[in-house]
Amino acid sequence: MSTHEHDDIFEAATRILLEEDRCITISFYPGGITIRFPTTRKLAEHLGIPHYYVLPRFGAMERDGLIRRAERVGISTTAAGTERLLAVMAERHGACAEEILGPGILRALKIRASQASSPSPGE
């Protein structure tokens, strides 16, 4: 699957984070950032579908390298998933994202995320 085939999940996650939770949990590590995804149950509820329909979609997103699931920890984006989630935020929910993150933070996160997903010189 292409990254864009998961856009409905990224859109739902963005709406939950920005409009419902009004909170984004971001983790920084050397060379990149991750964003905590809403739970599968919360996404299923938001999409109006049974929870068991969301689980295979998350499996596909994990196989496609967009998210990482850790038992008892939760779901977070990978470098590619962070870049896609931030793109959805900027393209479709820029004003709301800036309200939550503050001026310029979304742009700075997008720059950091694109650097993390680009190969370093000499690789």
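Some notes on this structure:
- FRET E, pair Phe28, Arg63, Förster distance 22 Å, beta-carbon r, rounded to 0.05: 0.30
- Length-normalised contact order for the chain - Cα pairs under 8 Å, 6+ apart - percent: 27 percent
- Every Cα-Cα pair of segment 37-123 was included, and the share exceeding 18 Å stands at 54 percent.
- Here the dipole of the chain is about 320 debye; that uses its Cα centre as origin and unit charges on the Cβ of Lys and Arg (positive) and Asp and Glu (negative).
- For Val54, Val73, Val88, order by how many other beta-carbon atoms lie within 10 Å, fewest first: Val73, Val88, Val54
- In the chain, helical runs assigned H by DSSP with n ≥ 4 each contribute -39500 (n - 2.57); averaged across all residues and rounded to the nearest 500, the mean residue ellipticity at 222 nm is -17000 deg cm²/dmol.
- By the count of neighbouring beta-carbon atoms within 10 Å, fewest first, Arg92, Arg15 end up ordered Arg92, Arg15.
- Segment 61-114 and segment 1-50 have their alpha-carbon centroids 8 Å apart.
- Burial ranking of peptide ranges 102-110, 34-42, 56-64 (average Cβ count within 10 Å, highest at the top): 34-42, 56-64, 102-110
- Taking 7 Å steps out from each Cα toward its Cβ at Ile105 and His51 produces label points 3.1 nm apart.
A short reminder: the numbers here are calculations on the coordinates, not readings from a lab. Worth saying up front: this structure is predicted, and the values here are computed from it rather than measured. Cβ atoms come from the backbone with ideal geometry, glycine included; neighbour counts cover every protein chain shown.
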